[in-house]
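**Student:** Questions regarding the structure given below will be posed in turn.
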Amino acid sequence: MENIIEVSGLRKKFPEVIAVKDINFNVKKGELFGFLGPNGAGKSTTIQMLCTLLKPSAGKAIVNGYNTLDNPGKVRKSIGLVFQESTLDENLTAYENLKYHANFYGVEKQKAKKRITEVLEMVQLTERKNSIVENFSGGMKRRLEIARGLLHYPKILFLDEPTIGLDPQTRNKIWDFIQNLKKEEDITIFLTTHYMDEAEYCDRIAIMDHGEIIASDSPEQLKANLGGDIIKTKVENKDEVKKEIENKYNVEVQEYKEYLTFEHNNGEEFIPVFVKDFKEQIKSITMQQPTLDDVFLNLTGREIRDEEASATDKMKNKMKKRGH
Amino acid sequence: MAHEIRAIYTLWIREVKRFSRQKSRIMGMIIQPLIFLFFIGKGMSSSLPMAGDMDFLKFIYPGIIGMTLLMPSIGNGISLVMDREFGFLKEILVAPVSRTSISIGKALGGGTVSLIGGTIVLFLSPFVGISLSIITIIKLLIFMALTTFTMTSFGILLAIPMESTEGFQMIMTLLAMPMFFLSGAFFPIEGVPNWMSILMRINPMAYAVDGLRNIMYNSPEVNAMTTFNLSFDIGVIAIFGFVITIATVIAFNIKE
């Protein structure tokens with residue numbers, strides 16, 4: 001399959017920090033590609049460089065066959081963008097927001113009319129098309145924004161944290177919609193998220209941390225790479241037991257808070273043996289199939305959730321400031 | 001090119017639509033000049049009888065029109081600050097539209113809104129005792145359009161580095177108010193102390209007010225009210241507008 005995005009040696013240096021460190025990756029045409037990582041990992045900076053909003057310090061990015069530096073206009077016409085924060089004009093109606101977007105992107109008038117009806121239908125906002133956006137709920141605004149991003153028939157739709165700040169029910173709805181979109185339109189979707197469960201929906205993901213891509217594959221493959229089930233246990237004399245486990249079963253044990261975690265090919269049969277061997281020390285034990293959280297933990301030694309709280313707080317403050 | 005014109009049109013219609021939905025802004029725009037005109041104008045003209053048959057009300061009337069053009073025009077810069085705060089600016093900036101079109105579109109939109117206010121005050125002329133011919137009204141409207149476009153561009157230029165609406169309020173107080181008082185709206189340039197005369201002569205608004213008087217009272221006996229001739233007024237404002245528009249485009253490219 002051909003690549004619709006090709007990134008090589010891309011770097012962004014800000015005065016105080018190198019936000020993106022010489023990353024390489026490709027996105028295939030028609031793919032649902034996820035960019036995963038904690039806040040501040042460099043995801044948004046990367047997206048902004050791909051969208052020609054930021055100039056890279058080094059390296060290059062080819063989007064839909066155009067170099068972002070040589071041909072920013074062509075790149076912008078090829079992409080649809082939905083930012084983390086709303087960029088709607090809330091004093092206008094839903095229809096006006098869409099119509100003006102079509103004007104900015106030079107969509108031919110008759111075609112635009114048809115397309116607006118189409119995308120409004122797709123995001124189920126047809127009945128509200130003449131309402132002022134100010135009165136919309138957060139989920140409705142996000143849907144309208146996605147509709148607007150699709151209006152000019154982009155080849156690639158960028159969604160930067162499409163579900164941030166939304167309640168779980170609305171999040172699910174947005175996801176249903178994104179998956180539908182892939183079926184109905186000939187489009188590549190590039191999204192960033194720090195919700196691991198959402199990354200599971202992607203065809204392929206790249207995990208980013210501290211400005212670097214530390215893994216890139218399908219979610220299934222990434223989990224399979226971990227090798228089997230994950231045993232998580234709480235024990236007495238943690239340090240001693242850790243060494244013993246490592247020697248006895250020939251596994252690598254990680255410490256996380258008061259827990260020890262390690263992988264085993266056949267967890268179900270292993271647990272009885274493990275309990276027998278360490279019956280004096282074990283306080284609790286759980287086993288689970290690996291999730292992307294475990295993949296992240298394994299790669300970085302910390303959980304992505306640790307950083308989630310602060311991101312949510314930041315979002316809340318921002319919303320408050322805007323008067324929501 | 002057709003695409004850029006469509007983008008300019010879109011930015012223009014957006015400003016006009018937003019304005020038409022903000023009832024309080026419309027009311028403010030009408031009431032403020034009325035207060036100035038009737039309270040200050042009437043009060044001053046009763047206590048300061050002027051030479052000849054010109055009364056003070058007639059003298060300040062073009063100045064009041066100037067004020068209705070200046071304040072909302074400069075104040076329109078706040079819409080840029082708000083667009084940035086509420087994110088819509090990003091939508092415009094990522095669109096395949098040139099920064100030049102964005103500057104022009106926003107200036108035309110804000111300028112049109114101010115022109116609406118100025119036109120309302122212009123229709124009050126019978127109450128001030130001034131009768132204007134159709135030709136004069138057309139001439140006035142063209143000159144007013146030039147002024148609002150220039151002053152709105154100026155407001156946008158000032159707003160480009162601003163991060164908050166509060167910061168922009170400061171600009172209004174520190175710049176727009178002195179520009180209005182030193183425009184010759186209330187007192188002529190001749191007869192003020194030298195330092196003030198210099199400030200007035202470098203104030204583009206002085207040429208706007210002078211131009212309005214030139215068009216409105218085009219007769220030899222009232223020429224004493226004007227300082228410059230009309231073509232000079234037009235020239236100064238047009239050149240100022242041109243320079244400001246270019247500066248705005250450059251500033252936009254640096255900032256965003």
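The numbers here are math on the coordinates, done by the rules we state, and not lab data. These numbers were taken from a predicted model, which means no experiment stands behind them. Backbone-built Cβ (ideal geometry, glycine too); neighbour counts: all protein chains shown.
**Student:** Please give the FRET efficiency for A:N130 paired with B:A2, using the beta carbon to beta carbon distance and R0 = 25 Å, rounded to the nearest 0.05.
**Tutor:** That pair, A:N130 with B:A2, gives E of 0.35.
**Student:** For the stretch B:3-94, what does the relative contact order come out to in percent, with C-alpha contacts under 8 Å and a separation of six or more?
**Tutor:** Relative contact order comes out at 19 percent.
**Student:** Also: When you look at the Cβ of every residue in B:82-94, what mean number of other chain Cβ atoms sits within 10 Å?
**Tutor:** So the per-residue partner count for this stretch is 6.
**Student:** Compute a Gaussian network model of chain A, connecting alpha carbons closer than 10 Å, and tell me which residue from A:A58, A:A147, A:A94 fluctuates the most.
**Tutor:** Comparing A:A58, A:A147, A:A94 in a Gaussian network model of chain A, the most mobile one is A:A58.
**Student:** Given a Förster distance of 41 angstrom, what is the FRET efficiency for B:L175 paired with A:D176, based on the Cβ-Cβ distance and rounded to 0.05?
**Tutor:** Calculated value: 0.20.
**Student:** Taking chain B as a Gaussian network, where each spring joins two C-alpha atoms under 10 Å apart, which residue of B:I35, B:I78, B:I189 fluctuates the most?
**Tutor:** Of the options given, B:I35 has the highest mean-square fluctuation.
**Student:** Next question, about the same structure. Note down the net charge around A:Q48, summing +1 for each Lys or Arg and -1 for each Asp or Glu among other residues with Cβ under 11 Å from its Cβ.
**Tutor:** Every neighbour counted, the sum reads +3.
**Student:** Using a simple charge model, +1 on the beta-carbon of Lys and Arg, -1 on the beta-carbon of Asp and Glu, nothing else, what dipole does chain B show about its Cα centre, in debye to the nearest 20?
**Tutor:** Dipole magnitude for chain B comes out near 620 debye.
**Student:** Could you list B:W195, A:W175, B:W12 so that the one with the fewest beta carbons within 10 Å of its beta carbon is first and the one with the most is last?
**Tutor:** The order, fewest Cβ neighbours first, is B:W195, A:W175, B:W12.
**Student:** List every residue whose amide H lies under 5 Å from the amide H of A:S57, counting only residues 5 or more places away in sequence or on a different chain, with H placed 1.01 Å from N in the peptide plane.
**Tutor:** Close amide H contacts, sequence-distant or interchain: A:R11, A:K12, A:K13.
**Student:** Now for a different question. Counting Lys and Arg as +1 and Asp and Glu as -1, what is the net charge of the other residues whose Cβ lies under 10 Å from the Cβ of A:S137?
**Tutor:** +2
**Student:** I've got another one for you. Just in the stretch A:83-113: which GluC sites (Glu not before Pro) are loop by DSSP and have at most 10 other Cβ atoms within 10 Å?
**Tutor:** Of the GluC sites (Glu not before Pro), the ones in loops of the stretch A:83-113 whose Cβ has at most 10 other Cβ atoms within 10 Å are A:E108.
**Student:** Among B:T136, B:A107, B:A159, whose Cα sits farthest toward the positive end of the charge dipole of the stretch B:82-167 (+1 at Cβ of Lys/Arg, -1 at Cβ of Asp/Glu, about the Cα centre)?
**Tutor:** Value: B:T136.
**Student:** How large is the Rg to Rh ratio of the stretch A:227-289 when both quantities use alpha carbon positions and Rh follows Kirkwood?
**Tutor:** That ratio is 0.90, to two decimals.
**Student:** What residue among A:I245, A:I79, A:I205 shows peak mean-square fluctuation when chain A is described by a Gaussian network model with Cα springs under 10 Å?
**Tutor:** A:I245
**Student:** I've got another one for you. Can you compute 3J(HN,Hα) from phi for each residue in the stretch A:70-76, using the Karplus curve 6.51 cos²θ - 1.76 cosθ + 1.60 with θ = phi - 60°, rounded to whole Hz and x for Gly and Pro?
**Tutor:** After applying 6.51 cos²θ - 1.76 cosθ + 1.60, I find 7, 9, x, x, 5, 4, 4 Hz.
**Student:** Test of understanding: ordering B:M44, B:M1 by Cβ neighbours within 10 Å, fewest first, what list do you get?
**Tutor:** Ranking B:M44, B:M1 by Cβ neighbours within 10 Å, fewest first, gives B:M1, B:M44.
**Student:** Using each residue's phi in the stretch B:4-20, evaluate 6.51 cos²θ - 1.76 cosθ + 1.60 at θ = phi - 60° and report the 3J(HN,Hα) Karplus result to the nearest Hz, with x for Gly and Pro.
**Tutor:** Values per residue, Gly and Pro as x: 5, 5, 5, 5, 4, 4, 5, 5, 5, 5, 4, 4, 5, 4, 4, 4, 5 Hz.
**Student:** Related question: Name the long-range amide H neighbours of A:L81: under 5 Å, sequence gap of 5 or more, or other chain; modelled H, no Pro or chain starts.
**Tutor:** Close amide H contacts, sequence-distant or interchain: A:F158.
**Student:** So what is the relative contact order for the stretch B:2-255, in percent, with contacts set as C-alpha pairs under 8 Å and at least six apart?
**Tutor:** That works out to 25 percent.
**Student:** Let me ask something else. How large is ³J(HN,Hα), in whole Hz, for each residue of the stretch A:114-129 in order, when computed from phi with the Karplus curve 6.51 cos²θ - 1.76 cosθ + 1.60 and θ = phi - 60°, using x for Gly and Pro?
**Tutor:** Whole-Hz 3J(HN,Hα) from phi for the stretch A:114-129: 5, 5, 4, 4, 4, 6, 5, 4, 4, 9, 6, 10, 4, 5, 9, 5.
**Student:** With +1 on each Lys and Arg Cβ and -1 on each Asp and Glu Cβ, how big is the dipole of the stretch A:227-289 about its Cα centre, in debye rounded to the nearest 20?
**Tutor:** So the magnitude is around 180 debye.
**Student:** Just from its helices, what would the mean residue ellipticity at 222 nm be for chain B, if runs of 4 or more DSSP H residues each count -39500 (n - 2.57) and the sum is divided by every residue, rounded to the nearest 500 deg cm²/dmol?
**Tutor:** Using -39500 (n - 2.57) per qualifying helix, the result is -23500 deg cm²/dmol.
**Student:** Further question: Taking the Cβ of B:G77 as the centre, find all other residues whose Cβ is under 14 Å away and add up their charges (Lys, Arg: +1; Asp, Glu: -1).
**Tutor:** Summing Lys/Arg as +1 and Asp/Glu as -1 gives -2.
**Student:** Using +1 at the C-beta of Lys and Arg and -1 at the C-beta of Asp and Glu, which of A:T233, A:S216, A:L191 has the Cα lying farthest in the positive direction of the dipole of the stretch A:191-237?
**Tutor:** Farthest towards the positive end: A:T233.
**Student:** Where the only charges are on Cβ atoms (+1 Lys, Arg; -1 Asp, Glu), what is the dipole of the stretch A:48-103 about its Cα centre, to the nearest 20 debye?
**Tutor:** That gives the stretch A:48-103 a dipole magnitude of about 380 debye.
**Student:** Largest first and in whole Å, what are the equivalent-ellipsoid semi-axes of chain A based on the Cα gyration tensor, each being the root of 5 times an eigenvalue?
**Tutor:** Output for chain A: semi-axes of 42, 22, 18 Å.
**Student:** Just round it to a whole percent: the fraction of Cα-Cα distances in the protein assembly as shown exceeding 30 Å.
**Tutor:** Roughly 62 percent, once rounded to a whole number.
**Student:** Return the calculated 222 nm mean residue ellipticity for chain A, to the nearest 500 deg cm²/dmol, obtained by summing -39500 (n - 2.57) across DSSP H runs with n ≥ 4 and dividing by the residue count.
**Tutor:** Counting only the DSSP helices, I get -11500 deg cm²/dmol.
**Student:** Can you give the relative contact order of the stretch A:3-222 as a percent, counting alpha carbon pairs under 8 Å and 6+ residues apart?
**Tutor:** 30 percent
**Student:** If you don't mind, another one. For a distance above 29 Å, tell me the whole-number percent of Cα pairs in the stretch B:2-255 that qualify.
**Tutor:** 30 percent
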